[in-house]
Amino acid sequence: MTADARDIMVTAQEVARLRDAVQLEVRDVALAALFHHFLRASAEVEGSGDLSASPEQLPMADEVREIMTAGEGDLRNLDLVELARRDESGLSDYLAPVWRAMTDR
């Protein structure tokens, strides 16, 4: 097993634990691979000196646009996690411990 594959598998185990899993599933590996992809891309951009302060924005779904504009004061990361937890994508299982950690502060 390569070092990169090992890193993804270790992360996948942690991802599965977030949802109190009894076994590692393909979706855990997929999320771990995404994490590593973004971490690697971020490190490469930081190392190149080509970091943009304003990356191109994608159009937003209505629910996302609403949370960005409807609130009073600053948008908090907790607001975004709560939005994601309401989504029925199946990823809300992973967000329960993140949400608990944020609300316990």
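List of remarks:
- Scanning region 10-36 for residues that are open to solvent by 80 Å² or more (accessible area, probe 1.4 Å) and not in a helix (DSSP H, G or I) turns up D20, V22, Q23.
- Within region 76-90, the set of residues being closer than 15 Å to T103 by Cα and part of a loop (DSSP other than H, G, I, E, B) comprises R76 only.
- Screening A53 on (1) in a helix (DSSP H, G or I); (2) modelled with pLDDT under 85; (3) open to solvent by 100 Å² or more (accessible area, probe 1.4 Å) shows it passes everything except condition (1).
- Neighbours by Cβ (under 7 Å, 6+ apart or cross-chain): first from region 34-62, under 30 Å from M9 (Cβ atoms); second surrounded by 10 or more Cβ atoms within 10 Å (Cβ to Cβ) and at pLDDT 85 or above: F35/T11; H36/D7; H36/I8; H36/T11
The values are calculated or read from the model by the stated rules, or taken from the named source; none is laboratory data. Since the structure is predicted, the reported quantities are computational estimates derived from the model, not experimental observations. Note: ideal-geometry Cβ built from the backbone for every residue, glycine included; neighbour counts use all protein chains shown. For the accessible areas, the whole protein counts, side chains as well, though only heavy atoms, and no ligand, DNA or RNA atoms are used. Shrake-Rupley method; radii C 1.70, N 1.55, O 1.52, S 1.80 Å.
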